[in-house]
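The values are calculated or read from the model by the stated rules, or taken from the named source; none is laboratory data. Predicted model only: the values in this text are computed from it and were never measured. Note that we place each Cβ from the backbone using ideal geometry, even for glycine, and neighbour counts take in every protein chain shown.
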Amino acid sequence: MIPDMQIMEKNPTERFFNREISLIEFNKRVLAEAESNQHPLLERLKFIAIVSSNFDEFFMIRVAGLKRQVSAGLTELSFDGMTPKEQLTEIRKRMLPLYKRQEELLMDEILPALERENIFIDDYSKLNDDDKTFLKQHFNESILPVLTPLSLDSAHPFPKLVNRSLNIAFSLLDTDKRVPEKKVAFLQVPSVLPRLIRLKKNDGIHLILIENVIRAHAGELFPGLEIISTSTFRVTRDADYEIAEDEAEDLLTEIAEHIKIARWGSAAVRLEVCAEMEEEMIEFLRTSLELEKEDIYIHKRPLNMPDFMSMLKIEKRHLKDIPFQTRVLPELRDDNNSIFDVIKNKDLIVHHPYDSFTNSVLRLLNEAADDKNVLAIKITLYRVGSNSPVVAALKRAAENGKDVTAFVELKARFDEENNIIWAKELEMAGAHVVYGVLGLKTHCKIAIIVRKEQDSLNTYLHLSTGNYNHATSRLYTDIGLLTNNKNFSKEAIYLFNYLTGYSYLKEWKSFFVAPINLRRSIIELINRETEFHSEENPGLIIAKMNSLAHSEVINALYRASRKGVKIKLLVRGVCCLKPGVPGLSENIEVRSILGRFLEHSRAFYFKNSGKSEFYLSSADWMTRNLHKRVELMFPIHEPALQDKIMTLLDIYWKDNTKSWRLLPDGNYEKLKPADGEQPFCAQEYLLNEIKRKIKSAKLKDNL
């Protein structure tokens with residue numbers, strides 16, 4: 001066997017995949033969901049929109065970071081040995097065919113199929129006189145008053161265009177002058193207006209894009225000028241930022257200021273234009289935005305595809321996923337029983353969205369808010385969404401005299417503005433709101449409820465892999481633990497003191513906390529599996545996460561594989577580990593599962609020479625999670641709950657319809673049922689299991 005040191009010193013291109021390219025590969029798999037006829041038609045459209053939304057974030061953060069490195073003259077190599085410039089070149093090379101496939105799917109397959117269902121996105125030029133009369137009136141009454149065209153001349157410089165806004169460029173001719181003068185004007189389509197306008201027709205659902213209505217009535221915006229051409233475009237800006245928190249007197253104010261900069265004033269990183277835009281206009285936009293030609297993407301489809309998510313509101317049930325009913329855990333079915341009494345008797349695992357978030361986590365917080373014996377609630381909030389019932393429960397608890405401490409992560413990317421709004425609401429209600437840990441982002445998910453019971457205090461915990469977000473709890477798969485475990489309770493208090501004060505516990509007995517001991521502990525768990533492995537008692541690691549991009553952890557997995565440890569990795573998104581490489585990782589298999597729900601849970605199994613250990617975590621195995629965030633990994637001790645986690649991991653690994661296998665060359669192949677094997681979809685199986693359990697519970701109730 002080649003010595004470990006020799007293997008680890010090999011060219012990094014032989015050991016690691018590029019993180020940015022892996023992220024593009026993930027979106028290729030998302031786009032494959034839009035290709036699949038297994039999804040209803042409007043759900044396929046949803047995946048088209050998700051890809052565009054994902055790429056928006058990709059350019060705002062990942063591409064923007066690479067461009068900053070290039071501008072600064074930095075040549076730091078990526079995991080796989082590429083310079084920032086080389087990565088940007090490779091990104092564009094891979095993006096172009098992906099955008100082309102997205103266009104083909106939308107324009108040639110999905111929209112024509114929607115027309116066969118009597119759902120149309122109409123071409124303005126083909127409308128009849130009645131439709132045009134309706135739109136003219138609608139334009140004058142409901143659109144024109146909020147439009148603000150921006151002219152460009154010596155008195156009006158190039159405008160500050162909002163990040164990701166939809167814009168219209170107008171090429172105009174002033175014929176009143178002796179020598180006709182060509183002019184340029186822009187219009188930012190107001191986000192307060194609906195993107196799709198419904199026509200008054202009886203032969204189906206007819207929609208028209210607002211930009212086409214505006215373009216058709218451009219004469220109302222520029223009376224006296226000749227409209228030469230109109231075309232749409234969109235600018236993506238750098239949305240990443242670093243705050244010198246030790247210098248920021250008020251973190252909330254500093255974050256609010258950076259939101260404004262990211263929206264209006266940060267550097268452009270991508271220009272998207274419609275295919276009919278004139279070359280002269282493209283070049284004018286490019287130079288004005290200080291972009292390279294490689295930063296321009298020309299689309300033969302509507303821009304701002306995330307707006308099309310609104311079409312999922314169309315009431316055609318057969319074109320959308322079948323609604324499902326979440327399960328209330330048997331232990332929580334009796335509303336007359338206190339949830340605290342239930343948790344005191346046994347630990348509970350909740351697997352969302354299959355198990356109800358409302359009747360577990362939200363019930364716990366609501367009961368705590370109103371229970372006269374509850375003294376304090378402490379919770380970390382990362383992304384809670386708008387109109388959050390979690391925030392409502394916390395506000396009510398504070399108003400009821402409970403000591404409520406909410407740790408709010410203002411730096412939760414793209415949720416900063418939302419978080420500022422409801423953080424202020426919590427403060428107004430009387431809650432203690434703590435903003436951020438110096439130099440770190442807080443990503444752990446934990447709620448602590450302190451309750452007076454007889455002459456002592458009892459602590460109840462909710463620990464989770466996902467956010468306290470009522471809406472995404474029906475879209476993301478996450479696993480949570482409800483427990484009264486005394487050891488956990490003690491360390492949970494230490495964790496919160498670390499977040500809110502100067503406490504820094506070094507020796508944790510139950511919890512693994514980043515950046516204190518989580519990275520080291522993960523590597524130690526992998527190394528222990530390597531040490532214990534033998535032919536008579538082979539090692540086994542099963543890990544489910546969103547992303548894997550930490551070189552030390554990957555190298556530890558390589559060492560385990562070389563020793564003979566079997567390693568099964570369920571990595572939904574980015575994976576920088578190369579599986580199946582002879583002499584390096586032939587005992588590692590990596591799969592990625594996509595489907596109706598976003599696989600967001602993180603669960604880990606280590607055989608440990610037959611003394612199995614199970615863990616749940618808020619953290620992926622990435623540099624940012626293990627070094628730059630406060631994260632939590634916690635063990636599952638109860639045998640019944642361990643069996644439940646193992647069953648879930650086995651179900652996911654058994655999937656042969658929504659699962660992709662990562663190949664040694666970086667490509668993914670879709671798994672298919674082997675000869676004689678039945679198709680098996682993990683998410684569909686779990687939904688059917690919930691249906692069966694709900695039906696069984698109802699039958700018992702009727703007996």
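Before moving on, here are some points about what is shown:
- Residue count, segment 487-538 (criterion: surrounded by 13 or more Cβ atoms within 10 Å (Cβ to Cβ) and in a loop (DSSP other than H, G, I, E, B)): 9
- Neighbours by Cβ (under 7 Å, 6+ apart or cross-chain): first from segment 663-681, assigned to a loop (DSSP other than H, G, I, E, B); second of a type in the set (Phe, Trp, Tyr): 666/17; 671/660
- You will find that of 363, 383, the residue that is modelled with pLDDT under 95, among the charged types (D, E, K, R), in the same structural domain as residue 492 (by TED's automatic domain parsing) and surrounded by fewer than 21 Cβ atoms within 10 Å (Cβ to Cβ) is 383 and no other.
- Check on residue 687, within 29 Å of the chain's Cα centre (by Cα), within 25 Å of residue 468 (Cβ to Cβ) and crowded, with 16+ Cβ neighbours inside 10 Å: yes
- Residues considered: 350, 361, 390. Of these, the only one that is under 19 Å from residue 472 (Cα atoms), touching a Gly at 6+ places or on another chain (Cβ under 7 Å), among the β-branched types (Val, Ile, Thr) and not in a strand (DSSP E or B) is 361.
- Condition met for residue 298 (under 27 Å from the mean Cα position of the chain (by Cα) and assigned to a loop (DSSP other than H, G, I, E, B)): no
- Output for segment 348-396, where each listed residue is touching an Asp or Glu at 6+ places or on another chain (Cβ under 8 Å) and without any contact (Cβ under 8 Å) to a residue 60 or more places away in the chain: 391, 395, 396
- Residue selected from segment 259-270 under the condition under 13 Å from residue 290 (Cβ atoms) and under 23 Å from the mean Cα position of the chain (by Cα), by the criterion modelled with the lowest pLDDT: 266
- Of all residues in segment 273-284, those that are in the same structural domain as residue 170 (by TED's automatic domain parsing) have Cβ atoms under 7 Å from Cβ atoms of residues that are surrounded by fewer than 18 Cβ atoms within 10 Å (Cβ to Cβ) and among the basic types (Lys, Arg), 6 or more apart or on another chain, in 275/300.
- Here residue 255 clears all of (1) at pLDDT 95 or above; (2) closer than 25 Å to residue 160 by Cα except the condition numbered (1).
- Checking each residue in segment 430-467 for being part of a loop (DSSP other than H, G, I, E, B) and crowded, with 18+ Cβ neighbours inside 10 Å picks out 431, 436, 443, 444, 465, 466, 467.
- Residue match in segment 97-110 (condition: at negative phi and loosely packed, with under 12 Cβ neighbours inside 10 Å): yes
- Boolean, residue 632 is within 15 Å of residue 521 (Cβ to Cβ), within 23 Å of the chain's Cα centre (by Cα) and not in a helix (DSSP H, G or I): yes
- Residues satisfying the stated conditions in segment 301-344, i.e. among the aliphatic types (A, V, I, L, M) and part of a loop (DSSP other than H, G, I, E, B): 303, 314, 322, 328, 329
- Exclusive hit being in contact with a Pro (Cβ under 7 Å, 6 or more places away or on another chain), buried (at least 17 other Cβ atoms within 10 Å of the Cβ), at pLDDT 95 or above and among the hydrophobic types (A, V, I, L, M, F, W, C), set 648, 632, 641, 662: 662
- Index of the failed condition, residue 409 passing every other in (1) modelled with pLDDT under 95; (2) surrounded by fewer than 23 Cβ atoms within 10 Å (Cβ to Cβ): (2)
- Residue within segment 595-613 that is without any contact (Cβ under 8 Å) to a residue 40 or more places away in the chain and buried (at least 19 other Cβ atoms within 10 Å of the Cβ) present: no
- Residue among 290, 283 that is at pLDDT 95 or above and within 16 Å of residue 235 (Cβ to Cβ): 283
- Qualifying positions in segment 548-573 - buried (at least 21 other Cβ atoms within 10 Å of the Cβ) and polar (S, T, N, Q): 561
- Segment 422-462 - residue that is under 21 Å from the mean Cα position of the chain (by Cα) and closer than 25 Å to residue 387 by Cβ and, of those, modelled with the lowest pLDDT: 436
- Pairing residues of segment 515-542 that are assigned by TED's automatic domain parsing to the domain that holds residue 635 with residues that are of a type in the set (Asp, Glu) and buried (at least 19 other Cβ atoms within 10 Å of the Cβ), at Cβ distances under 7 Å and at least 6 apart in sequence or on separate chains, gives 518/631; 539/529; 541/529.
- In segment 71-87, the count of residues that are under 27 Å from the mean Cα position of the chain (by Cα) and among the aliphatic types (A, V, I, L, M) is one or more.
- Residue check, residue 543 under 28 Å from residue 447 (Cα atoms), crowded, with 18+ Cβ neighbours inside 10 Å, among the small types (Gly, Ala, Ser) and modelled with pLDDT of 95 or more: yes
Yes/no matrix, rows are residues, columns are (1) touching a strand residue (DSSP E or B) at 6+ places or on another chain (Cβ under 7 Å); (2) within 18 Å of residue 603 (Cα to Cα):
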| residue | (1), (2) |
| --- | --- |
| 458 | yes, no |
| 467 | yes, yes |
| 477 | yes, yes |
| 481 | yes, yes |
| 497 | no, no |
| 523 | no, yes |
| 543 | yes, yes |
| 553 | yes, yes |
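- Evaluation of residue 84 against the conditions (1) at negative phi; (2) touching a residue at least 40 places away in the same chain (Cβ under 8 Å) shows that the sole unmet condition is (2).
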